[in-house]
Every structure is written in structure tokens, then in C-alpha cells.
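Visitor: Sending over a structure as C-alpha cells; questions will come in a sec.
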Number of protein chains: 4
Amino acid sequence: MSKLALDQLLQALAATAAERDRAGGTALRERGLIRESGLLALSVPVELGGAGASWSEVLQVVRRLSAVDSALGHVFAFHHLMLATLRLFGPRAQWEPQLRQTVAERLFWGNALNPRDPRTVLVEEGGRLRLRGSKSFCSGASDADRLIVSALSAAGKLIVAAIPAGRAGVKVLDDWDSFGQRQTDSGTVLFDDVALDEAEILRQPGPLGSVFASLRPCLAQLILGNVYLGLAEGAFTEAQERTRARPPSEAIDPFVLRRAGELWAELQTARLATDEAGRALDRAWAAGDALTGERRGQVAVAIAVAKVVTTRVALTTGQGLFDLLGPRATTGQARLDRYWRNARVHTLHDPVDHKLRDLGSHALWGEWPTPSFYS
Amino acid sequence: MSKLALDQLLQALAATAAERDRAGGTALRERGLIRESGLLALSVPVELGGAGASWSEVLQVVRRLSAVDSALGHVFAFHHLMLATLRLFGPRAQWEPQLRQTVAERLFWGNALNPRDPRTVLVEEGGRLRLRGSKSFCSGASDADRLIVSALSAAGKLIVAAIPAGRAGVKVLDDWDSFGQRQTDSGTVLFDDVALDEAEILRQPGPLGSVFASLRPCLAQLILGNVYLGLAEGAFTEAQERTRARPPSEAIDPFVLRRAGELWAELQTARLATDEAGRALDRAWAAGDALTGERRGQVAVAIAVAKVVTTRVALTTGQGLFDLLGPRATTGQARLDRYWRNARVHTLHDPVDHKLRDLGSHALWGEWPTPSFYS
Amino acid sequence: MSKLALDQLLQALAATAAERDRAGGTALRERGLIRESGLLALSVPVELGGAGASWSEVLQVVRRLSAVDSALGHVFAFHHLMLATLRLFGPRAQWEPQLRQTVAERLFWGNALNPRDPRTVLVEEGGRLRLRGSKSFCSGASDADRLIVSALSAAGKLIVAAIPAGRAGVKVLDDWDSFGQRQTDSGTVLFDDVALDEAEILRQPGPLGSVFASLRPCLAQLILGNVYLGLAEGAFTEAQERTRARPPSEAIDPFVLRRAGELWAELQTARLATDEAGRALDRAWAAGDALTGERRGQVAVAIAVAKVVTTRVALTTGQGLFDLLGPRATTGQARLDRYWRNARVHTLHDPVDHKLRDLGSHALWGEWPTPSFYS
Amino acid sequence: MSKLALDQLLQALAATAAERDRAGGTALRERGLIRESGLLALSVPVELGGAGASWSEVLQVVRRLSAVDSALGHVFAFHHLMLATLRLFGPRAQWEPQLRQTVAERLFWGNALNPRDPRTVLVEEGGRLRLRGSKSFCSGASDADRLIVSALSAAGKLIVAAIPAGRAGVKVLDDWDSFGQRQTDSGTVLFDDVALDEAEILRQPGPLGSVFASLRPCLAQLILGNVYLGLAEGAFTEAQERTRARPPSEAIDPFVLRRAGELWAELQTARLATDEAGRALDRAWAAGDALTGERRGQVAVAIAVAKVVTTRVALTTGQGLFDLLGPRATTGQARLDRYWRNARVHTLHDPVDHKLRDLGSHALWGEWPTPSFYS
């Protein structure tokens, strides 16, 4: 949990990131390193044994991890998003023991909550609850110890629950095969008549069940923004380091400097927008149940701005770093195209044009984004 | 100097801004209102009778003024740049009485320092100093009480001095005629054998004569950035207010909302970059003679980023506001094109491509911009 | 109608364009020069006494006129659009005499057809038809000899008719006051109980009444594209001529050359797209009533592409020419901002985002734009 | 050489393109298909047994091949560039038999001409000529029957010659490993004391030795433009076909349509610019030794415009197709990222900013690009 632990983790991830981008699949060894680093307890309050980091601090770690390995940066971030889901959707009596146990046993949480995929249902038979169906895009579900799952009840209501990943009937498929974010394990989870206890359902206040609970999508969106920003920072660092490693005899083209300045100015402003959104989230989180819709709206707007600019900078830098380095940087061995590939895949999570429309409604009419799992 | 004074001033400037954009020339009445507001003492330290505002605070006022009247925003800002020039280029014994007098007599300072125009020379004849020649782009020189002037000595050295604007031989031409920033009076000043006292020359440390003194171009560039940002804010506010004033029956085109979101996100990030640069300048200013070259470099880089993004947002918003409002907003009476016209003229001050090249040198190689009157 | 006549006209318009941009109002003298040039007969078939130019040829003239004076370029183009309206919406027996008379008497046609403005109605009282109400955006109606007017019938049907501009009850207001396209006279026309003869209504096939008739909006849109392109060409020519007129000692900044290349490449491709659309229109026009919906669709798509790229290039060049020329080009006397102002006002005619959506429907799904007065 | 042959070839290449992008290395089977298609004789004059296609026609084939397989499109195009090099740099007596033999034996030509790599030298020892050293970026050298090689003479003069690829001492390394254009075999060729006959050197007029000879870089640049354009067309076709293959129930987001329109309009204008440049090249080629510097300049400028816009559209479409298709299109199996990867690698051939600067010199000052191997 210390700075040293993070630096060691970063170094270890960086050393093998290109090779693991090639390999794909579950990064078992690296997930082990994350467990050992203690960073899975980063967002857990001090009184429950955690490091008590603010979301800004957690997101800085997400960003640094993503600069060297955006797949594991994402998985790490989603672990903390799952912990936040417990805290936002359920009562303290429910999440406190879960968080304590997470610290004590170094539990890794994975995602099986995907509100856009309606195929998993919750059925009641003879007084017993069962999960049946499947979920796509379940990042970090492989090798997870716990899952946050969503399902539709018979009445069509969205149910969110926390279960052990190893429960009978849960099957995590190894079917994630994208050209980017290759080790996020964002594949399918099957629920083959999985038993569910009523006490595992997060009912108070439930999904987006209060203003405070509706910070969940805010955090999720800002995680994306920080992963994107990390990608841009990682790409620019490659350009920097490889430029400086070249023989000094190579003349610098003024147009290359101009282009570098253009990319870097965009990166700087994206950093500022993302940090600003992080501070806004910290303040809103601290307000707890006193959070008003208007303040939640301000946070959502700040985060939407960060999302828009980090989306752009991740793609632009992933592409533009080659303008700075020239053809020799395209060697297959270095796999520098992974910055663009990771950015391209991840920025498709939800359409940035919808964010722009929401921002426009706010900017012209003063409206706040309607809370949903994506805004 | 109070908030009320500023609000009243803003209201008064806004009421006539469109009409004065048409008229051009010197805004005598409005310059009078600025004098009366007490805001000419805003940057003067409290112990000398001023308001003791930080540069960040001064620049916030510049920004708000520029949102309603970027010509007077610029003139106001340059008054304070002239005061800063005294403090940066001369010893305390020289500037302290000048600043006291500025407060006491509500003196308005104008600019006759233009290092790119070599036509004004300082000659010594019979032990007496004389200024001869002319200077272009002398913003705010009309109706000024004091001038900061620059001239080349016989040895080709740049001399900067502070003189009363009314001194015999000083002639401020009314020849500024641009399609934007029409009331900045950025015309020519003639020096017809103007007497100069050695004590009026700022010699210790002299122009850019120390690391601290080299903050002058930093402030100058950040003033530009704040004027540009003010223009963008003013333009967006027009779009907002006019949209809301329309009959609610008018359907909102989702593409217009998207475009508004795009413009507004850019505006938000430009604000963040400009505020960040302001804080960096405040810290560097507070360091005084202890300021290192590296910290000065950091300030210059932060300001260059702000300059780049505000340049873009001022032009984009000045043009884009019509995408939001449609053809009826082009009525000649409203003169809403002045946002773009003002931005277009002012953003030509010095080439933004050179800023990008400097940023690229820093970003790729870690170099700091070489201090000059433009970087 | 000769090349000489055009060159003389261009020279005469160019000589006073900046001054007339300042003055606004109706360009009576210049409209007179257009009449004298014979160019009002340019699109009229040879057998009716005209020059028999193809639409491509007419649009080349529109483009050249617009490069020096986009207001009169527009008015000239709309005259020919009115002649095309006669030919497309009415039977030969109706338009043939009108065109002959247009040539013989050098009639100038103006526009009072604005389908978006529903305020003018056609009423029948005692077997007599009357026009009542008003129309906005009636380009070229001042000093016109003939008008094409539109009105809604009692049944809500759009009626288009050709009438003498001097008919009792027609009142052309001098209320056009926009910051751009200042001499297009695009003001309001009032119809105070204006008598209308049934024979003046264009009924066969009527407005957009056949595939061939639906070329009318194609021509209208391509006129806009050519005016925009002319604006860009005019702006770039200013940059070229003023650059070459400078003392050769002035060093050329490589960044300025790069920017010039960027603007010019965009201009070249806009020319190609506009010429291509012109050829497509010529072919469709030649097909006459044999024109199929699919071929009409191809024309509409080619024109939409031209509209999109000329919209962009007119704005970009109007703004970017100052990047090439620097601050001295902003002198009020030269009024070089008029290229941007004219482009900004005119490109708001109908939203380019809607064109992009139509193009996307075609590109992804193979759909053709639904004919309307704007697509 | 027939349309059927091309269609069959396209189909065969498309069927395995994704898999071969994964595999990399030399596409022996597909190079065989190209040989069998007869298309290696496409640019050879009819009187020498070829198809006598104009360069425009050859480039259309390059474009279509590149839409499905830009690596083989490039290799195919470079074969014809090598044939053009013979014709441009040597006398008829030299190239006529080479071209006849190329047709008769279906010879495939590869590239070992890289003026930027000075490591290969031509030495004379005991009256015998020898090539020694190495060359990088030798596209298509693997599996080639003939090579065009370049070397520096003792006097530092660039020598270009045609030799059999199988000559003793020629070693083509299999060391091309880039993340894009993976089957262009653009690796290193070693010359280990390779014998060279004086008659194999292209001396009349020699490299860029006449105005006509200086069309070689024009053709080379326009080949790049057509490969880029092919990539954009291929990427857009994927978006089209996959969109139409989806269940019709999926609602179309208007923002996606807008984005599709934006990409498609850019694609259309890139096509027009590339076709225009092709026609200009055809005319210049037909002029032969009568070609003037000015007309060569016009061709070079038209091609530079095409290069600039195709560079942009290839990258933009390679990235933007996912905006149209969403996350599911990122599946590793489809390897749709190869459009961007191929475009990114190939567009680094030579800096587009230099083209823009050359275009700016022409646009502002009327200067023609100075002929070199890249302009």
C-alpha cells in the first residue's frame, strides 16, 4: 500500500506489458502481484483496515497503472468500483464486513454487473432465489474472489448482489478476445442456476436508489477517464524516452516539435480536467446522504468533461506518438501500437456523443444529466 | 475596488459595448468609469494603498471585463502590466513612489513598450537624454497619465523607462483602426525629442535583467490568455442567454446540443488551464529574487499551454456561437460577430505555432522556454 | 455575356466591395452593371435568346463573382435559381415566354419563396386570388423586376407563383441588417392583398412535383456551395497577393508555409468536390423528365458533400488568412474580415449537421436524401 | 489482366487477409496468385505484350487491392514503380527487353532503391563493378525475380541499376517486423560483393536525370496515396457491410449517422483528389521528354494534395469505423484494427508536414516543389 509497493508493481507490470498484450488471457501472475501489493485495500476506510485513500488518490494510482498497463489498471479500478458499489447500494451492516474481509483476505472483486445485457434473471422457486442466464463484458471476473452481479427480477427490476465467485453454477468463460485491453478478461459469465441469498442483494438504497448511490456511475465514468488519461501519458512517455535515447546527431524537425507541443498541451489540459473531476467526486463522496441532486449534477458534468477530453487525448496520443518517432518505432517487438489499440477499444464503452449532448443540455439550459448507469 | 464596484463597471461596459465596437476610438467615458472604480489600484500592494490582489485575482477581473468588453479588458490589464514592469525592471526605491502615486491620483498607465519596433532611439546630447522616433501597437496610450516606453540606446541596448504621458514632445496618434479590439487605442506614439531623466530609466535589474524580471512576459502572455478566455466566455454566455430567451416551443435539435457540449467542454478545460497558470504565476511572483530558472520555466510552460488553448477556444466559440443560435443571431444590431473579430485580431499578437514549438521542446527534451518578450 | 463582360464586371465589383460591405443596403449601381453585362441571360437556352450555359458554367460565374463580392454573387445566382424554378415547377408554355422576356428586357428576378416561413397565405375571395402576409429572407427582392413567391393555400398546400415585383400591394422592406452578406437584400416582403392570377401559379408539375422538379433544392444547395467556395477563393487570393506585395526581406516562417499548405489543400479538394457536383447536376438536368429517383439521389449526395466541404473551407479560410498575413492585415480599411463574416452568415442557411446525417444514411444504408426544399 | 482476373484475385486476397495480417512474413501463395493473374504486365505497353494500362488505371487496381490487402497492394504497386524506374531512368534499348521479359516470364520486381540509406556502395576493382553493403526498407524484395538497386559510387553519386534477385551475393533478410503492412517484406537486403555489369546501370538520363525522369517520385507518392485511399475505402466498406448485417431492430443513433456522413464526405473528397492527381500524372507521362518543369510542378502539387488528404482519411477512417460499429467490432478474430495499423505504419513513409510546407510555398509564392526522391 506504500509508495514503494506501487513503484515495484509499476515496474513489474511495465517489464512484461508488451509481451502480455501479445498473449492476452488472464494475467494471473500480475493479479497476484496486485494482491501482494496491498493496493486492493486502497479505497477501504482506515477503520476497516484499509488505506483510506480518497477517490482522487485511488484514481491517481489507476492512472499510473494504466500508463504502463491499461488492462490491469482497469481491472484494479473495477475492483474498487465494486467496493464502492457495496457502499453505495447497500447498508453499512452489509458492506462493513465485506470490506473488512476484503482487506483481511486480500479479496479481488470482479464485475458481473452490466445493465445493458438483460439475459440474466433472478427467479424464485419454492422460496429459493436463483440466478440464471449470462452476462457479457464482465471485466475482471476471471480469477476474482467475489463478484458483483446484476439480474432482472420477474417484475423486471434490476437487482444487484454480491456473491463469491466460486459459488456453484458460476462459470466465467475465457472468451474475451479484443484487439485492445486484452487482459481485462471482459468476457462472459454464465449463471447456471446459481443460488442467491436474500442477504446478498443490495437493497438499501439499491441500485441508483438515492442521490448518493447515483455517484456509482460517476465513479465508473471517471475510472474510464483515468484509464484513458493513463494511456495518453504512457504513450507520450514512450515518445519522450525514445526521443532522448536517440543519437544527438539526429536533427530535430521543427514540425515535429510543433506536433509534440500540440499533443502535450492537449495532455496537460486533460490532466487538469481529470484532476478537477476527481476533486469534485471527493467532495460529493464526503457529503454522503446529504448530497443534493444539484451537487451530484455538478460532479457528473465535471466528469463528463473529463471523459470527453480524455477520450480524445488517448486516441490522439496513441496515434500521434508515431508522428514524433517516425517509422522505426513501428517495430512489432515494441508493440507501441497497443496504446492506440487499448484506447480505441476502451473508448467505445459508451458513446462520447451522448456525453456531449448532455453537456450541451447543461451548458445551454442548465440541466443536469439524468442519473443512469452511464451518466 | 469592491465586488460591487466591479459589478457596476461590468454592467456599464456591457450596456454600450456593441455600440462602442461600432464607434471605435478612445472610450473616454469608460476609462473614466474604470478610474472611478478604484480597480486601477487592484494589483498595488496594500501597504502602498492598493488592494493587494494576487495576479490570479487581477486576471479574474481581466477575464470578466473581457467577457463584456475585451478592448477595455485589455487596456485595464495592460495598466497592471505596466505597474508590474516597474516592479520587475526597477528597484523598490523607484517603483514604490510610483505605485503610491498611482493609487493616490488614480493614474492610468499606457503602453509604449514594443520591443519589435526599433524605431524609437535614446540619444544623449550634451549630457541630456532624448527620446526620438515612433512606436506602433501602443495599447492604452491614449488618455493615459503615465507611459512605459522602450527605446534603443546608441549601443543598441533596450532601455525601458517610465514617463508622464503629457511630457512635451509625446504625441499619441489616433491611428488604431482594426476590425477588432477597436477601443484598445493600439496606435502609434511619436517621440519628438522628448526629454528623459536618467532616474526614469528602469536599470536595476533592467528589462529581463533577472530571473524574477523575466516574469514580465509571463504576465503579458497570461493577460492575453485571460482576455481570450473572457471572449470565449462572453460569446458562450450570449448563446446561453439568447437560447433561454426564445419561446419554449422551439424544438432543440440534438445536433445543436452536441455542438454546444463540444464548445462548452473546450471552454471548461481552457478555464482550468488558465487558472492553473495563474496559480503558478502567483507562486513564482511570491518567490521574488529567489525564483529559479527552472521554476520560471514551469510557469512559462503552464502559461504557454493556457495561451494555446485560449487562442483556440476564443476563435472557436466566437464562430461556433452561431451554430447554436442560427441565422437570426447575425443581425447587425447585436454585433455578435465582435467576439470573433476581437479574438481574431488579438490572437495574432504573436504566433501560437511558436508556442507549440517551445512546448514541444519542453515536452520531448525537458527544455524551458528561453525568456524573451514573447516567451 | 462574353468573358470580357464578366471580367469587367468582376473588376467593377472588386473595386468597391469593401466599401459596399460597410454601407450595406441595395447595390443599385452594381445590380445595374449585372443587368448590362448580359449575364442575367446566362442560363437561358440559346433558342430563347440566352447564352445557353450549363449549370456548371453558371456556377463557375457565381463562384468568381462571390470571390470578389459574395453578396452580389448570391443575388446573381438566385436570379438564375428563380428561372430554374419556372422551368422545373411549371409547364413549357408558362416558362418559355417568361425566359424570352427576361432576355429581352434584362429582367432581374428576386426571391420571395421561403417554405419555412408560413406567414403568407393565398386566399380566394369572390373567385379572385389574393396573397396576404409576409415573407422573410427574400434575397434579391429589392430592385427586382419579377418575384417568385410562395404561399400556403387554405388547404395548407404550398403554392409557388411568378409575379411582377411592381404589382400593387407588394412591398419590399429594406430591413436586412446582418453582419455578413450585407448587400443581398435578404429582408422581408409584405403582401398587402396582392392580386394573383391563376396563370401565374406554377402548377405543372408544381413545387417538387416530379423527380425532375426536385432538382430545384439541388441547384439551390449547390449555389450555396459555390458562393462559399468563392468566398474561400477570394480570401486565399488576398493572402497570396498581400504576401507577394511585401518586401522580400521579410523571412518566411516555415510554420506559416505549413499553414498555407493546409488551407490550400483544403481549398483544392473543395473545388474538386464542387466541380464534381456541378457535372452531376448537368447530367441530371439533361435527363429531364427521364430522371430517376436514384440518379436524383446521386446528385443530391454529391451536392451535399460539396456543401459540407465548402461550408468548412469558407469559414476556415476566412479565419486562417490572418494566420498567413499577421496583425497588419486586420486594418479596418481593408475589411478583410468580411470573408469570414460573409461565410459565417451564409453558412447558417440550413444546418450542415443535417447534411452529414443524410450523407451517413446514404453511406451506411444506401438511402437517398428525401427531396425537400433543403435536401 | 481481365476484370475477372482482378475480381478473383481480390476475392482470394480478402479471404485470408486477416489471417495473413496475423502471420506476417512473405505471402508466397498470394504473390503467386498475382503472377498468375497477369496483372504484373498491367503497366507494360501493348506493343511489348502488356495491357497498356494508363497509370490512372494501374492505380485504381492498386487502390482496390489495398482495400482488401494493403500490404500486397503496396508490393504490387512497387513492382510497377520498378518498371517505371526502368523507363524513366534508362534508354529504351535498355528497358524494352526488360519489359518484354517481364511479361513473358511473369517476373516480379522488388525494391532495393532507398536513397536515404547510404550504406550500399558501388566499388570498382580491377575493372569490375561490385555492390557492397546493405539497404533497409526494401519492399517486395523477398520472392522477387528482379531488383532495382541503388548504391553510392566512390564519387558519392547515386547509381540505380536493375539486377536479377538471384544473383550471387544478394541476400534478402526476413527481418521486416512492423505492426502494420506486415506482408510487404520491407526488410533489409545485403549485398555481399555482388557483381554488377555496366549495362545494368540506368545512366540515360539516370536518376531524376531529366524533367520526365523526375516523374518517378510523383508516381511513388501517388502510389502511397492510392494505398492510403484503398485502406480508407476498405475500412468504410467494413462499416457498411457490418452495419447492414445487423438485425434491423437495432435503432440507429443519429449521432452515428452524422459521424458516418463526416467520414464518408472526407472519403469522397479524397477520392476526387486522388483521381485528379492520377489524370494529371497520365497527361504528364504522355508528354514524355517534352514535359516542362512547370507541368511537372503541377503534377507534383496535385499529388501532394492527394497525399495529404489520403494520409488523413486513412487514419481517420481506420479509427472512426469503430465509432460506427461499437465495441463488438473490436473482436480479435476480425482484426479490424489492421486498417488503422496499416495506415499508421505506411503514412510514416515521409512527413506530411513537409508536403504541407511545399504546398504552402506553391500556394503563397507560386513555387514548384523541387524534385527529389520524396517530392
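The values are calculated or read from the model by the stated rules, or taken from the named source; none is laboratory data. Remember, predicted model here, so these are calculated numbers, not experimental data. Note that we place each Cβ from the backbone using ideal geometry, even for glycine, and neighbour counts take in every protein chain shown.
Visitor: Inside the range B:15-41, can you point out the residues that are within 14 Å of chain C (Cβ to nearest Cβ) and assigned to a loop (DSSP other than H, G, I, E, B)?
Guide: Once the filter is applied, which keeps residues that are within 14 Å of chain C (Cβ to nearest Cβ) and assigned to a loop (DSSP other than H, G, I, E, B), the range B:15-41 yields B:Gly24, B:Gly25.
Visitor: So for the range A:171-179 (the condition being in contact with a helix residue (DSSP H, G or I) (Cβ under 8 Å, 6 or more places away or on another chain) and under 30 Å from A:Ala270 (Cβ atoms)), does at least one residue qualify?
Guide: First, pick out the residues of the range A:171-179 that are in contact with a helix residue (DSSP H, G or I) (Cβ under 8 Å, 6 or more places away or on another chain): A:178-179.
From what's left, under 30 Å from A:Ala270 (Cβ atoms): A:178-179.
Yes, the range A:171-179 contains at least one residue that is in contact with a helix residue (DSSP H, G or I) (Cβ under 8 Å, 6 or more places away or on another chain) and under 30 Å from A:Ala270 (Cβ atoms).
Visitor: Report the residue count in the range C:333-375 for those that are within 30 Å of B:Gly180 (Cβ to Cβ), of a type in the set (S, T, N, Q) and under 17 Å from the mean Cα position of the chain (by Cα). Show your work before the answer.
Guide: Applying the first criterion (within 30 Å of B:Gly180 (Cβ to Cβ)) to the range C:333-375 yields C:333-353.
From what is left, the residues that are of a type in the set (S, T, N, Q) are C:333, C:342, C:347.
Still in the list and also under 17 Å from the mean Cα position of the chain (by Cα): C:342, C:347.
Qualifying residue count, the range C:333-375: 2.
Visitor: Could I ask something else about it? Quick one: which of A:Ala286, A:Ala251 is part of a helix (DSSP H, G or I), out of contact with any strand residue (DSSP E or B) (no Cβ under 6 Å at 6 or more places or on another chain) and not aromatic (Phe, Trp, Tyr)?
Guide: When all the criteria are applied, what remains is A:Ala286.
Visitor: Same structure, new question: Considering each of D:Arg119, D:Arg130 in turn, give the residue that is among the charged types (D, E, K, R) and assigned to a strand (DSSP E or B).
Guide: Working: D:Arg119 fails: assigned to a strand (DSSP E or B).
Unique residue meeting the criteria: D:Arg130.
Visitor: Can you spot a residue in the range A:278-287 that is charged (D, E, K, R), within 12 Å of chain B (Cβ to nearest Cβ) and more than 29 Å from D:Gly180 (Cα to Cα)?
Guide: Yes, because at least one residue in the range A:278-287 is charged (D, E, K, R), within 12 Å of chain B (Cβ to nearest Cβ) and more than 29 Å from D:Gly180 (Cα to Cα).
Visitor: Hey, another quick one. Just need a number here: residues in the range A:325-334 that are more than 7 Å from every other protein chain (Cβ to nearest Cβ) and touching a residue at least 12 places away in the same chain (Cβ under 8 Å).
Guide: 3
Visitor: So which residues in the range B:152-200 are acidic (Asp, Glu) and in contact with a Phe, Trp or Tyr (Cβ under 8 Å, 6 or more places away or on another chain)?
Guide: Listed by number, the list holds a single entry, B:Asp185.
Visitor: Continuing with the same structure: Starting from residues that are surrounded by fewer than 24 Cβ atoms within 10 Å (Cβ to Cβ) and in a loop (DSSP other than H, G, I, E, B), keep the ones in the range D:337-365 and report whichever is nearest to the other protein chains (Cβ to nearest Cβ).
Guide: The extreme case among them is D:Leu348.
Visitor: Could you list, in sequence order, the residues of the range A:1-49 that are of a type in the set (Ser, Thr, Tyr) and either at pLDDT below 95 or crowded, with 17+ Cβ neighbours inside 10 Å (or both)?
Guide: A:Ser2, A:Thr26, A:Ser37, A:Ser43
Visitor: Considering only the range D:117-125, I want to know if a residue exists there that is on the phi < 0 side of the Ramachandran plot and touching an Asp or Glu at 6+ places or on another chain (Cβ under 6 Å).
Guide: Residues of the range D:117-125 on the phi < 0 side of the Ramachandran plot: D:117-125.
Checking the rest, the ones that are also touching an Asp or Glu at 6+ places or on another chain (Cβ under 6 Å) come to none.
No - not one qualifying residue is present in the range D:117-125.
Visitor: Filter the range B:118-175 down to the residues that are surrounded by fewer than 14 Cβ atoms within 10 Å (Cβ to Cβ), closer than 15 Å to B:Leu196 by Cα and touching a residue at least 40 places away in the same chain (Cβ under 8 Å) and list them by number.
Guide: Within the range B:118-175, just B:Arg128 meets the criteria.
Yes/no matrix, rows are residues, columns are (1) more than 19 Å from B:Asp282 (Cβ to Cβ); (2) more than 14 Å from every other protein chain (Cβ to nearest Cβ); (3) surrounded by fewer than 21 Cβ atoms within 10 Å (Cβ to Cβ):
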{"residue": "B:Pro205", "(1), (2), (3)": "yes, yes, yes"}
{"residue": "B:Val227", "(1), (2), (3)": "no, yes, no"}
{"residue": "B:Glu241", "(1), (2), (3)": "yes, no, yes"}
{"residue": "B:Ile252", "(1), (2), (3)": "yes, no, yes"}
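Visitor: Then there is this: Of B:Glu266, B:Glu262, which residue is more than 8 Å from chain A (Cβ to nearest Cβ) and either outside any loop (DSSP other than H, G, I, E, B) or in contact with a helix residue (DSSP H, G or I) (Cβ under 7 Å, 6 or more places away or on another chain) (or both)?
Guide: None of the other options fit; the residue is B:Glu266.
Visitor: Residues being outside any loop (DSSP other than H, G, I, E, B) and of a type outside the set (D, E, K, R): count how many of those fall in the range B:133-186.
Guide: Within the range B:133-186, residues that are outside any loop (DSSP other than H, G, I, E, B) and of a type outside the set (D, E, K, R) number 21.
Visitor: Looking at the range A:12-34, I want the residues that are free of Cβ contacts under 8 Å to residues at least 24 places away in the same chain and have a partner that is assigned to a helix (DSSP H, G or I) and not hydroxyl-bearing (Ser, Thr, Tyr) with Cβ atoms under 6 Å, at least 6 apart or on another chain. Which pairs are those?
Guide: Matching pairs, first to second residue: A:Ala12/A:Leu33.
Visitor: Select from the range C:99-115 the residues that are surrounded by fewer than 21 Cβ atoms within 10 Å (Cβ to Cβ) and assigned to a helix (DSSP H, G or I) and list them in ascending order.
Guide: Scanning the range C:99-115 gives C:Arg100, C:Gln101, C:Val103, C:Ala104, C:Glu105.
Visitor: Sticking with this structure for a sec: Please list, ordered by first then second residue, the pairs with beta carbon atoms under 9 Å, 6 or more apart or interchain, first in the range B:177-194 and of a type in the set (Lys, Arg), second surrounded by 23 or more Cβ atoms within 10 Å (Cβ to Cβ).
Guide: B:Arg182/B:Ala71; B:Arg182/B:Trp176; B:Arg182/B:Arg338; B:Arg182/B:Arg341; B:Arg182/B:Asn342; B:Arg182/B:Val345
Visitor: So, one more: Kindly establish whether B:Glu200 is within 14 Å of chain A (Cβ to nearest Cβ), free of Cβ contacts under 8 Å to residues at least 60 places away in the same chain and of a type in the set (Asp, Glu).
Guide: no
Visitor: May I pose another question? Restricting the range D:6-57 to residues that are within 18 Å of the chain's Cα centre (by Cα) and hydroxyl-bearing (Ser, Thr, Tyr), which is nearest to D:Arg338 (Cα to Cα)?
Guide: D:Thr26
Visitor: Surrounded by fewer than 24 Cβ atoms within 10 Å (Cβ to Cβ) and either over 30 Å from A:Leu257 (Cβ atoms) or touching a Ser or Thr at 6+ places or on another chain (Cβ under 9 Å) (or both), is that true of C:Ala287?
Guide: Yes, satisfied.
Visitor: A follow-up question, please. Filtering the range C:288-324 down to residues that are away from chain B (no Cβ under 14 Å) and of a type in the set (Asp, Glu), which residue is nearest to C:Ala213 (Cα to Cα)?
Guide: C:Asp289
Residue-wise test of (1) surrounded by 24 or more Cβ atoms within 10 Å (Cβ to Cβ); (2) under 14 Å from B:Thr184 (Cα atoms); (3) among the basic types (Lys, Arg).
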residue: B:Ala51; (1), (2), (3): no, no, no
residue: B:Arg63; (1), (2), (3): yes, no, yes
residue: B:Ala67; (1), (2), (3): yes, no, no
residue: B:Ala71; (1), (2), (3): yes, yes, no
residue: B:Glu96; (1), (2), (3): no, no, no
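Visitor: Any residue at all in the range B:265-274 that is surrounded by fewer than 21 Cβ atoms within 10 Å (Cβ to Cβ), over 20 Å from B:Thr85 (Cβ atoms) and among the small types (Gly, Ala, Ser)?
Guide: Scanning the range B:265-274, I find no residue that is surrounded by fewer than 21 Cβ atoms within 10 Å (Cβ to Cβ), over 20 Å from B:Thr85 (Cβ atoms) and among the small types (Gly, Ala, Ser), so the answer is no.
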